[in-house]
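Novice: Before I ask anything, let me first share the structure, which is written out below as structure tokens.
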Amino acid sequence: MSQKIVFTNDIAATLDTIVDEAAPNRVFVITDVNVDYFVLSRLSDCKTVAGATRIVIKSGDINKNVDSLSQVWKQLCDGGASRKSLIINIGGGVVTDLGGFAAATFKRGVRFVNVPTTLLSAVDAAVGGKTGINFNGFKNEVGAFCEADAVIISTRFLDSLPIQEVKSGYAEMLKHGLLSSRDEVAKLLAFDFSHIDHELLLSLLTESVEVKRRIVAEDPHEQGIRRALNLGHTVGHAFESLALKRMSAIPHGYAVAWGTVVELVLSHMQMQFDSVLLNAVADFVRTNYGAFAITCNDYDAIIDLMHHDKKSHNGELNFSLLSAPGDIHIDSICDAETVKAALDIYRDLMHI
């Protein structure tokens, strides 16, 4: 993993230094309408942002699509972008995913920098080199592996986020804790969202990003152990796609939290994952995230959506499961009846 990751609250000076070192012929800032209105004014002291050509897309995961990507490509073209230019993606996961994919594909590759403004994008989308868009009703169906030159991670903007956004990012941190150790999970389960300690959150965030950085460095193109980072995502993405079909989008992190519970149930069923810890995680998720409401009538649709998961090579239901925190089993195949049983237990744990 070659990308530079900088933890700092002095975003303006850091960004200006990175851009000066890159010496681009043109700079473009890609952001969305909410970040453009609420956040960029807080970077008024940044000469890079002030002098850049700004490209603003619609906000929300529903707009992470071909139309928005085409709009970005056109504005890059109209603005004279070349392979010597630099793109700066400032925003949440929609911006860093779509902006990174635009950079990876325009002129066959333009350098870019990610400045995540949400906890979710800081811990997940902005780091690790995955870019892409939703397509044909499926999450992240089209994309490319392409690392940002640098990622600037800060807690400067978190105080302006709704609590739902903070929780959404925290779900990915919980996933990283499960991929690390029981001690890390215990620390994460003890976090109090009613009285957020930002210094503690930054410390936990730094540890979480380090877990992802270690895994990505070992497997940058997801040929092996990096698939562990999909814990919670096979089911979570299916929940997200089902919600989109219902015309009622759900936050990605919430879907991951609910998907993690289902996949820990599968881990218990298949790998004897500790039931006490499973219940502790389920209690934490139910208390802080509520539940994604499903009935047994939804099972076939959810399983059909899982068949489109990128880990599925021949239509099988492929998961990353755990026998214990940090003890990872990628390419764990489960049959449909086992998944349906896990969904039954999920509904019991979530009090649905």
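The values are calculated or read from the model by the stated rules, or taken from the named source; none is laboratory data. In this text the structure is predicted, and so the values were computed from the model without any measurement. Cβ coordinates were reconstructed from backbone atoms using ideal geometry, including for glycine residues, and neighbour counts include every protein chain displayed. Note: accessible area is taken over every heavy atom of the protein model, side chains too, but ligands, DNA and RNA are not part of it. Shrake-Rupley method; radii C 1.70, N 1.55, O 1.52, S 1.80 Å.
Novice: Here is a check on your reading of the model: is Ser248 free of Cβ contacts under 8 Å to residues at least 60 places away in the same chain, surrounded by fewer than 16 Cβ atoms within 10 Å (Cβ to Cβ), under 15 Å from Gly290 (Cβ atoms) and not charged (D, E, K, R)?
Specialist: yes
Novice: If you scan the stretch 80-116, which residues turn out to be touching a residue at least 60 places away in the same chain (Cβ under 8 Å), open to solvent by 10 Å² or more (accessible area, probe 1.4 Å) and farther than 16 Å from Lys58 by Cα?
Specialist: Lys84, Arg111
Novice: Does the stretch 34-51 contain any residue that is of a type in the set (A, V, I, L, M, F, W, C) and under 19 Å from the mean Cα position of the chain (by Cα)?
Specialist: yes
Novice: Give the residues of the stretch 53-79 that are among the charged types (D, E, K, R), over 24 Å from Thr17 (Cβ atoms) and open to solvent by 60 Å² or more (accessible area, probe 1.4 Å), sorted by residue number.
Specialist: Correct list: Lys58, Asp67, Lys74, Asp78.
Novice: So which helices (runs of 4 or more DSSP H) are wholly in the stretch 24-125 and hold at least 1 residues that are closer than 20 Å to Val151 by Cα?
Specialist: Result: 33-38, 47-51, 93-105.
Novice: Enumerate the helices (runs of 4 or more DSSP H) found wholly within the stretch 207-292, keeping only those where 3 or more residues are modelled with pLDDT under 95.
Specialist: Filter on the stretch 207-292 gives 233-245.
Novice: Looking only at the stretch 193-238, which residues are more than 27 Å from Glu316 (Cβ to Cβ) and β-branched (Val, Ile, Thr)?
Specialist: Ile196, Thr206, Val209, Val211
Novice: Something else: Just to verify a result, which residue in the stretch 216-240, among those that are open to solvent by less than 10 Å² (accessible area, probe 1.4 Å) and in contact with a Phe, Trp or Tyr (Cβ under 6 Å, 6 or more places away or on another chain), is nearest to Asp283 (Cα to Cα)?
Specialist: Phe239
Novice: Can you name the residue in the stretch 126-139 that is assigned to a loop (DSSP other than H, G, I, E, B) and of a type outside the set (Val, Ile, Thr) and is also most open to solvent (accessible area, probe 1.4 Å) among such residues?
Specialist: Among those residues, the one meeting the criterion is Asn136.
Novice: For the stretch 125-143, which positions are more than 14 Å from the chain's Cα centre (by Cα), at negative phi and at pLDDT below 95?
Specialist: Phe135, Phe138, Glu141
Novice: Going residue by residue through the stretch 325-333, is there one that turns out to be surrounded by 15 or more Cβ atoms within 10 Å (Cβ to Cβ) and more than 24 Å from the chain's Cα centre (by Cα)?
Specialist: no
Novice: Still on this structure, please answer the following. Which residue out of Leu322, Leu317, Leu264 is open to solvent by less than 20 Å² (accessible area, probe 1.4 Å) and over 20 Å from Ser181 (Cα atoms)?
Specialist: Just one listed residue meets the conditions, Leu317.
Novice: Inside the stretch 140-172, can you point out the residues that are among the charged types (D, E, K, R) and open to solvent by less than 20 Å² (accessible area, probe 1.4 Å)?
Specialist: Answer for the stretch 140-172, where residues must be among the charged types (D, E, K, R) and open to solvent by less than 20 Å² (accessible area, probe 1.4 Å): just Glu172.
Novice: Just checking, does the stretch 152-164 include any residue being touching a Gly at 6+ places or on another chain (Cβ under 6 Å) and under 20 Å from Val49 (Cβ atoms)?
Specialist: Looking through the stretch 152-164, none of the residues is touching a Gly at 6+ places or on another chain (Cβ under 6 Å) and under 20 Å from Val49 (Cβ atoms).
Novice: Can Asp197 be described as acidic (Asp, Glu), modelled with pLDDT of 90 or more and open to solvent by 60 Å² or more (accessible area, probe 1.4 Å)?
Specialist: So Asp197 fails the test.
Novice: Before we move on, is Val185 open to solvent by less than 30 Å² (accessible area, probe 1.4 Å), in a helix (DSSP H, G or I) and at pLDDT below 95?
Specialist: no
Novice: If you don't mind, another one. Which ones in the stretch 221-251 are closer than 17 Å to Gly143 by Cα and of a type in the set (D, E, K, R)?
Specialist: Those that are closer than 17 Å to Gly143 by Cα and of a type in the set (D, E, K, R): Glu222, Arg226, Arg227.
Novice: Restricting the stretch 334-352 to residues that are more than 16 Å from Gly315 (Cα to Cα) and either outside any helix (DSSP H, G or I) or touching a Leu at 6+ places or on another chain (Cβ under 6 Å) (or both), which is modelled with the lowest pLDDT?
Specialist: Going through the qualifying residues, I end up with Ile352.
Novice: Is it true that some residue in the stretch 36-52 is hydrophobic (A, V, I, L, M, F, W, C), under 23 Å from Lys139 (Cβ atoms), crowded, with 16+ Cβ neighbours inside 10 Å and in contact with a strand residue (DSSP E or B) (Cβ under 7 Å, 6 or more places away or on another chain)?
Specialist: No: zero hits.
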